[in-house]
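The values are calculated or read from the model by the stated rules, or taken from the named source; none is laboratory data. Quantities reported herein were computed from a predicted structural model and do not represent experimental measurements. Every residue, glycine among them, receives a Cβ derived from its backbone with ideal geometry; neighbour counts consider all protein chains shown.
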Amino acid sequence: MGNSMTDQTLTSETQTPPKDQSDKKPGIIRVEGMHKWYGDFHVLKDLNLTVDQGERIVICGPSGSGKSTFIRCINRLEEHQQGKIIVDDVELTDDVRQIDTVRREVGMVFQHFNLFPHLTVLENCCLSPIWVRKTPRKEAEASAMEYLERVKIPDQANKFPGQLSGGQQQRVAIARALCMKPKIMLFDEPTSALDPEMIKEVLDVMIELAGSGMTMMCVTHEMGFAKTVADRVIFMDGGEIVEQAPPHEFFTNPQEARTQKFLQQILAH
Amino acid sequence: MTESTMKAPKKALRPVKWMRENLFSGWFNTALTLAVAYLLVTSVGPLLNWFFLDANFVGSDASDCTGAGACWLFISQRLNFFIYGFYPDELQWRVDTMFLLLAVAFVPQFVERFPGRKWLGLFGIFGLPVVGYFLIPGGTFGLEEVQSSKWGGLMLTLILAYIGIIASLPIGILLALGRRSDMPIIRGICVVFIEVWRAVPLITVLFMASVMLPLFLPEGVNFEKLARALIGITLWQSAYMAEVIRGGLQAIPRGQYEAADALGLGYWRKMGLVILPQALKMVIPGIVNTFISLFKDTTLVLIIGLFDILGTVQSTVTDPAWQNVAIEGYVFVAFCFWVFCFGISRYSQNLERKLDTGHKT
Ligand SMILES: Nc1ncnc2c1ncn2[C@@H]1O[C@H](COP(=O)(O)OP(=O)(O)OP(=O)(O)O)[C@@H](O)[C@H]1O
Ligand SMILES: [Mg+2]
């Protein structure tokens with residue numbers, strides 16, 4: 001399984017969404033009736049969502065609406081208490097092996113990069129392929145260099161994260177996640193800790209990645225990105241999915257009052 | 001920060017200017033400087049005289065100490081006892097071999113580009129105790145047996161400190177991880193262990209190990225006593241180490257744990273590859289502090305009748321054959337401890353500098 005996936009992701013590095021619709025897997029992420037509480041606080045309420053392979057989802061919503069919590073449930077950084085989350089046919093339960101299986105297939109990019117500061121950029125990228133995928137070091141390094149080239153920073157490979165700018169660090173974080181050759185990429189506000197002039201360089205990388213057919217779920221306030229890249233925009237508020245629609249529809253003709261209010265607020269800026 | 005293409009200005013190091021700015025800037029500083037200078041001049045002279053100029057270096061027994069200064073003869077005459085205790089003369093090559101191996105393993109650690117430095121260090125940590133385990137007590141491989149009651153002096157101090165240090169680090173790491181574990185039973189055991197051992201003075205631990213335990217166990221040979229002291233010291237030290245390391249673990253931002261989880265590393269690889277390297281690096285000063293204080297605390301084994309370097313010196317200065325040599329003896333002990341502790345401290349500073357990857361999160 002690992003190998004066929006490897007080949008597929010490697011060869012699909014070229015631009016434009018993949019043409020071959022037949023091996024697209026419907027419902028690679030399935031969330032069914034999912035609830036989550038923090039103590040007594042009901043954060044996520046009855047979420048239902050199906051994401052097909054190759055789909056690009058953008059999640060938006062006001063602060064505190066549970067976007068981060070939701071996306072972090074998908075690789076079990078947070079535990080849900082009710083309902084089902086099934087990722088690539090593996091259900092997330094308390095079983096540690098199942099969790100590890102899912103995490104190998106799901107890459108994640110954080111708001112604050114979370115690179116490992118004691119390792120060089122290259123070592124950051126190779127760590128998991130070597131220790132989890134058991135890729136030989138040479139091979140892992142070669143593949144890491146390819147990804148670093150793809151995010152346009154091969155020349156920084158031997159620096160430490162602390163020596164890079166925020167935008168560069170976030171691109172390294174994306175490369176690090178890609179090095180595991182994941183089937184799904186999760187992004188939690190990848191650009192909101194960055195200065196404006198660095199946002200574009202990270203978004204460019206994400207747009208390129210979207211073009212390669214990667215399944216993506218992205219929490220972001222970058223509405224431009226949502227418009228150009230997303231297949232579906234999901235609006236969350238108060239722990240619920242309030243509305244979901246293709247971007248054109250979502251932005252021009254929102255159905256729910258809460259969505260309209262939210263859009264007015266962010267477009268006013 | 002302002003942008004500038006100029007070089008950072010160099011600090012002027014001209015002595016006259018420096019003195020005027022630092023020593024004679026105002027009447028109060030000038031008075032202080034003069035007072036300190038006076039004290040130095042009046043005390044350095046006599047100290048020099050006592051230590052070197054009037055000191056006695058040659059001769060064979062106490063009657064040769066005729067000068068007014070220190071009687072270093074005492075040290076050189078009894079050096080063998082201070083280093084080996086009662087270890088038989090003809091077998092001391094075994095101890096010398098260990099000293100040599102110790103030096104070979106650790107002195108290169110101070111030389112930045114010494115070839116194979118890492119391997120020597122690893123040998124020092126893992127190989128040396130094994131070699132010592134067979135070489136020092138003997139009894140195997142045709143080596144004559146030397147009971148541990150005959151061990152003493154610097155050699156015993158080093159054995160106690162060395163084993164205490166290298167065994168307490170891994171145990172301390174496991175305890176610290178256990179204390180932060182999600183599993184209530186493991187966490188409970190670690191908390192109880194740490195809190196019990198840490199709350200007891202080392203001297204009590206040693207007493208318990210040597211006096212109380214035999215009441216419950218059938219008394220074996222004397223080797224048991226040293227082994228028991230070692231176990232006591234190690235467990236006691238581990239509890240301290242665990243708390244130092246826990247401090248480091250807590251200082252690692254949650255994002256590091258999450259990033260490691262998200263990469264599917266699993267618990268042990270997450271800890272071993274991501275969290276511990278950063279946490280340990282962060283608490284190097286604390287770890288070294290504990291090492292150094294353990295090194296000095298080993299002198300407490302005197303209380304259970306083991307003769308470490310302090311014990312051998314102390315028993316000799318009360319020897320009627322030597323009179324008034326207590327100061328020389330204790331200066332010697334202090335010097336030995338200082339050499340080793342300073343070495344540990346310097347090495348840790350090297351290490352910190354080398355591991356600094358220029359990030360401050
Ligand atoms: N560990 C926690 N314990 C208790 N409550 C939490 C915890 N983490 C988040 N919350 C609460 O859950 C709610 C949802 O938080 P979440 O971080 O998912 O929001 P968000 O939509 O990502 O917001 P933002 O846009 O500000 O990142 C918030 O009200 C927050 O206060
Ligand atoms: Mg958030």
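Within region A:117-128, how many residues turn out to be facing chain B (nearest Cβ under 7 Å) and touching a Cys at 6+ places or on another chain (Cβ under 8 Å)?
1
Looking at A:GLY54, A:GLY66, A:GLY33, which is the one that is away from ligand 2 (no atom under 16 Å from the Cβ), among the small types (Gly, Ala, Ser) and buried (at least 21 other Cβ atoms within 10 Å of the Cβ)?
From the options A:GLY54, A:GLY66, A:GLY33, the qualifying one is A:GLY54.
Kindly establish whether B:LEU226 is closer than 30 Å to A:ALA173 by Cβ and in the same structural domain as B:ILE171 (by TED's automatic domain parsing). So that I can check it myself, show each step before the final result.
Details: closer than 30 Å to A:ALA173 by Cβ: no; in the same structural domain as B:ILE171 (by TED's automatic domain parsing): yes.
In short, no.
This table checks each residue for (1) under 21 Å from B:TYR162 (Cβ atoms); (2) within 14 Å of chain A (Cβ to nearest Cβ); (3) buried (at least 19 other Cβ atoms within 10 Å of the Cβ).
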site	(1), (2), (3)
B:ILE309	yes, no, yes
B:ASP319	no, no, no
B:TRP322	no, no, yes
B:ALA326	no, no, no
B:VAL331	no, no, no
B:PHE335	yes, no, no
B:VAL339	yes, no, no
B:GLY343	yes, no, no
B:TYR347	yes, no, no
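Can you name the helices (runs of 4 or more DSSP H) wholly within region A:152-269 that have at least 3 residues being surrounded by fewer than 21 Cβ atoms within 10 Å (Cβ to Cβ)? First the steps, then the outcome.
On the way: elements: A:166-178, A:196-211, A:223-229, A:247-252, A:257-268.
Helices (runs of 4 or more DSSP H) meeting the threshold: A:196-211, A:223-229, A:247-252, A:257-268.
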Show the residue pairs that are 6+ apart or on different chains and have beta-carbon atoms under 6 Å apart, the first residue being within region A:154-167 and more than 18 Å from A:LEU127 (Cα to Cα) and more than 9 Å from every other protein chain (Cβ to nearest Cβ), the second being aliphatic (A, V, I, L, M) and crowded, with 19+ Cβ neighbours inside 10 Å.
A:GLY166/A:LEU194; A:GLY167/A:LEU194; A:GLY167/A:VAL202
Within region A:117-140, restricting to residues that are of a type in the set (D, E, K, R) and under 23 Å from the mean Cα position of the chain (by Cα), the one that is surrounded by the fewest Cβ atoms within 10 Å (Cβ to Cβ) is A:ARG133
What single numbered condition from (1) more than 23 Å from A:GLY213 (Cα to Cα); (2) away from every other protein chain (no Cβ under 14 Å); (3) within 16 Å of ligand 1 (Cβ to nearest atom) fails to hold for A:GLU79?
(2)
Looking at (1) in contact (Cβ under 8 Å) with a residue 40 or more places away in the chain; (2) surrounded by fewer than 16 Cβ atoms within 10 Å (Cβ to Cβ), which is the only condition B:LEU175 fails?
(2)
In the set A:MET223, A:MET236, A:MET198, the lone residue that is of a type in the set (A, V, I, L, M, F, W, C) and closer than 29 Å to A:PRO129 by Cβ is A:MET198
Failed criterion for A:ASN114 (all others in (1) surrounded by fewer than 21 Cβ atoms within 10 Å (Cβ to Cβ); (2) within 10 Å of chain B (Cβ to nearest Cβ) hold)
(1)
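Away from ligand 1 (no atom under 16 Å from the Cβ), crowded, with 20+ Cβ neighbours inside 10 Å and within 14 Å of chain B (Cβ to nearest Cβ): does that describe A:THR101?
no
Do you know which of the residues in region A:41-69 that are of a type in the set (S, T, N, Q) and within 9 Å of ligand 1 (Cβ to nearest atom) is farthest from A:ARG30 (Cα to Cα)?
At the first step, the residues of region A:41-69 found to be of a type in the set (S, T, N, Q) are A:48, A:50, A:53, A:63, A:65, A:68-69.
Checking which are within 9 Å of ligand 1 (Cβ to nearest atom) leaves us with A:63, A:65, A:68-69.
Details: A:SER63: 25, A:SER65: 20, A:SER68: 17, A:THR69: 16 Å.
Among those that are of a type in the set (S, T, N, Q) and within 9 Å of ligand 1 (Cβ to nearest atom), it is A:SER63.
Table: residues versus (1) among the aliphatic types (A, V, I, L, M); (2) surrounded by fewer than 23 Cβ atoms within 10 Å (Cβ to Cβ); (3) within 14 Å of chain A (Cβ to nearest Cβ).
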position	(1), (2), (3)
B:TYR240	no, yes, no
B:ARG246	no, yes, no
B:ARG254	no, yes, yes
B:TYR257	no, yes, yes
B:PRO277	no, yes, yes
B:SER293	no, yes, no
B:VAL313	yes, no, no
Would you say B:SER210 is hydroxyl-bearing (Ser, Thr, Tyr) and modelled with pLDDT of 90 or more?
no
Region B:129-144 - residue that is surrounded by 11 or more Cβ atoms within 10 Å (Cβ to Cβ) and free of Cβ contacts under 8 Å to residues at least 24 places away in the same chain and, of those, farthest from B:ALA161 (Cα to Cα):
B:GLY139
For region A:203-218, state whether one or more residues are within 16 Å of ligand 2 (Cβ to nearest atom), touching a residue at least 40 places away in the same chain (Cβ under 8 Å), within 14 Å of chain B (Cβ to nearest Cβ) and touching a Leu at 6+ places or on another chain (Cβ under 7 Å).
yes
So for region B:247-262 (the condition being under 30 Å from B:PHE106 (Cα atoms) and among the basic types (Lys, Arg)), does at least one residue qualify?
no
Looking only at region A:129-150, decide whether some residue is under 23 Å from A:ASP188 (Cα atoms) and within 8 Å of chain B (Cβ to nearest Cβ).
no
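Report, by residue number, each residue of region A:219-269 that is of a type in the set (Val, Ile, Thr) and either closer than 13 Å to A:CYS60 by Cβ or touching a residue at least 24 places away in the same chain (Cβ under 8 Å) (or both). Step through it out loud before you land on a result.
Keep residues of region A:219-269 that are of a type in the set (Val, Ile, Thr), which gives A:219-220, A:228-229, A:233-234, A:241-242, A:252, A:259, A:266.
Of everything in region A:219-269, those that are of a type in the set (Val, Ile, Thr) and either closer than 13 Å to A:CYS60 by Cβ or touching a residue at least 24 places away in the same chain (Cβ under 8 Å) (or both) turn out to be A:VAL219, A:THR220, A:VAL229, A:VAL233, A:ILE234, A:ILE241, A:VAL242, A:THR259, A:ILE266.
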